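In what follows, a single structure is set out as structure tokens and then discussed.
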Amino acid sequence: MKPLKNILILLCSLLMLAASCKKEKSKNPIDDLPPATQTGANTFGCLINGEIWKPKGGLLDRTLDLSYDPGYMGGTFNVIANRFLSQGVSERITIASYNLQSTGSFVISKNKVGINFRKSDCAYLSDEVDNIQSGILIITRLDLQAKIISGTFNFKLEKTGCPTIIATEGRFDLPIE
């Protein structure tokens, strides 16, 4: 019986040693974002202050919406991404621009490309005086034949009385309907 007891003690010791040596892999949150594609995959996502932000909702919730009108104001672009959380709480990112007719980089400012972001008790609206916006929108594909618009973005929003919002690694790939 003593050899069996020694074997069990040895096995338990080895298991405890293995458990204490096991390191947690640091997971990169970017891995959980949708890939930056250009196929009309109907995707949107970014990191907000380092945390994953993707549209989310129930069966009947409209989580992602794109409108693009090439004939109005030189090409108007508007994407709305909603994240419906528990008990009526929701968040929304809106990226809007006019005079957008081709691929390229566009500076986020109140004059051309605006960002609206709603979270909890704070609304960062592009037309508010105390809202400071900076960042860039890059349209990587604007294909009216295939009806696809894709791009990447990052932005920083600051507003008195609200936390600073920093969006990084933003990407979208949407069909034009």
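Only the coordinates and a few stated rules stand behind these numbers; no lab work does. Keep in mind it's a predicted model, so treat the numbers as computed, not measured.
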*Enumerate the aspartates and glutamates that Lys147 could reach by cross-link, defined here as Cα to Cα under 19 Å, with residues fewer than 8 away along the same chain left out.*
Asp65, Asp69, Asp173, Glu177
*What is the set of long-range amide H partners of Gly75 at a cut-off below 5 Å, with H atoms built 1.01 Å from backbone N?*
Asn99, Leu100
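How big is D, in µm² s⁻¹, for segment 119-174 by Stokes-Einstein at 37 °C and 0.692 mPa s if Rh is the Kirkwood radius over C-alpha pairs?
Answer from the Stokes-Einstein relation: 255 µm²/s.
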*Multiply the residue separation of Asp130 and Gln145 by 0.36 nm, subtract the distance between their alpha-carbon atoms, and state the gained length in nm to one decimal.*
1.4 nm
*Karplus-derived HN-Hα couplings along segment 80-96 (A = 6.51, B = -1.76, C = 1.60, θ = phi - 60°), whole Hz, x at Gly and Pro*: 10, 10, 10, 10, 8, 9, 6, 6, x, 7, 9, 10, 8, 10, 10, 10, 9
*asked:* For segment 35-175, compute the orientation-averaged projected area of the C-alpha convex hull (one quarter of its surface), in nm².
replied: 8.5
_Take the residue pairs Lys112/Lys156; Lys56/Lys159; Lys56/Lys119; Lys54/Lys156 and return only those whose Cα atoms are more than 20 Å apart._
Lys56/Lys159
